[in-house]
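Here's the structure, in structure tokens; my notes come after.
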Amino acid sequence: MTHKPNPELVDDDVPELGKEWFAKARPASELLPVLMGSKTAGELLRPKRGRPVLDERKQHVNIRLDADILRAFKSKGPGWQTKVNLALRDWLASHASNDA
């Protein structure tokens with residue numbers, strides 16, 4: 001059975017790669033040292049796991065918030081703790097001159 005492309009998904013600017021292209025393809029570990037040098041290739045090819053290291057790590061704290069405040073942030077979905085952090089940062093920025 002031959003593959004018949006969906007006309008809705010056909011992109012004339014970027015044709016589908018065929019067997020000839022894959023036959024000529026080479027792994028990045030072979031080509032990057034030639035194109036970018038051994039040191040840069042090594043850095044690009046080294047697996048990176050986990051989150052990037054921060055200059056100043058976030059601190060773990062326990063904080064008590066009113067239920068309606070917590071509900072409002074959690075209702076926005078994943079990342080609500082980051083949104084709380086950003087809201088506190090905004091508040092500090094707008095009130096910095098009042099505390100000095």
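Some notes on this structure:
- Ellipticity estimate at 222 nm from DSSP helix runs (n ≥ 4, -39,500 (n - 2.57)) divided over the chain, nearest 500: -15000 deg cm²/dmol
- Cut-off 10 Å between beta-carbons: net charge of the residues surrounding PRO5, Lys and Arg +1, Asp and Glu -1: -2
- For the chain, accessible area per residue (1.4 Å probe, heavy atoms of protein chains only), Å²: 104 Å²
- Applying a DSSP loop filter and a limit of 10 other Cβ atoms within 10 Å to the trypsin sites (Lys or Arg not before Pro) in segment 20-100 leaves LYS48, ARG49, ARG57, LYS58, ARG64, LYS76.
- Surface share of carbon and sulfur [accessible, 1.4 angstrom probe, percent] for segment 10-100: 56 percent
- Cα gyration tensor shape of segment 38-100, rounded if a/c is under 1.5, else prolate or oblate by comparing a/b with b/c: prolate
- Using a Gaussian network model of the chain in which every pair of alpha carbons under 10 angstrom is joined by a spring, one finds that among VAL61, VAL14, VAL34 the greatest mean-square fluctuation is at VAL14.
- Backbone HN-Hα couplings from phi across segment 43-48 [Karplus 6.51/-1.76/1.60, Hz, Gly and Pro as x]: 5, 5, 8, 5, x, 10
- Taking the charge dipole of segment 1-68 about its Cα centre, with +1 at Lys and Arg Cβ atoms and -1 at Asp and Glu Cβ atoms, the residue from PRO15, LEU44, ALA25 reaching farthest to the positive side is LEU44.
- Cα gyration tensor, segment 1-83 - rounded (a/c under 1.5), prolate or oblate: oblate
- Number of Lys-Lys pairs in the chain with C-alpha atoms under 26 Å apart and a separation of 8 or more places or on different chains: 9.
- With a cut-off of 15 Å between beta carbons, the residues surrounding ALA41 carry a summed charge of +2, where Lys and Arg count +1 and Asp and Glu -1.
The values are calculated or read from the model by the stated rules, or taken from the named source; none is laboratory data. What you are looking at is a predicted structure, and each value in this text was computed from that prediction instead of being measured. We place every Cβ from the backbone using ideal geometry, glycine too, and count neighbours over all the protein chains shown. Only protein heavy atoms, including side chains, enter the accessible area calculation; ligands, DNA and RNA are left aside. Shrake-Rupley method; radii C 1.70, N 1.55, O 1.52, S 1.80 Å.
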